[in-house]
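Right, one structure below, let's go through it.
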């Protein structure tokens, strides 16, 4: 009887130790990266929500952005050209740039969504014109995409900046002399 009591007490202690460890692990927050993989983070300032399925959703977007992988510029630009919803989510209007067609001041021209969209329609089809040269220069936090026709006066430059590991269009210059 003493042996049964000792075994019982040991089992209770053993199982309570396991439960405490499980609670510690479940209290550790999970941060999701942009590809859905996760890592355990002991930072108690992160709020993670389980929305009823197997995916965890973070409520702390500032920390999420910090742990996201840097967006590859080539993939971004391809999607920027093809997907209008994506494109407009990555432009902050009004946007300052240059417009040689402007009747007012072409320097520090302020682009609105509507007038920029008109010019972009021509730019997105640049591959159809064999005379247009496309150059991309990517630095750590900036990228330029230039479309031009040699010795013609046509020169378009898109300037992008990396903000919280995501690319955004920050300036547009359209020259057609």
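List of remarks:
- If you go through the stretch 126-154 and keep only what is surrounded by fewer than 18 Cβ atoms within 10 Å (Cβ to Cβ) and assigned to a strand (DSSP E or B), you end up with 133, 134, 135, 136, 137, 138, 142, 144, 146.
- The stretch 94-116 - residue that is loosely packed, with under 14 Cβ neighbours inside 10 Å and under 26 Å from the mean Cα position of the chain (by Cα) and, of those, farthest from residue 167 (Cα to Cα): 114
Computed from the coordinates by the stated procedures, all read-outs in this text should not be read as laboratory data. The structure presented is a predicted model; accordingly, all values stated were derived computationally and were not measured. All Cβ positions, even for glycine, are placed from backbone atoms using ideal geometry, and neighbour counts span all protein chains on display.
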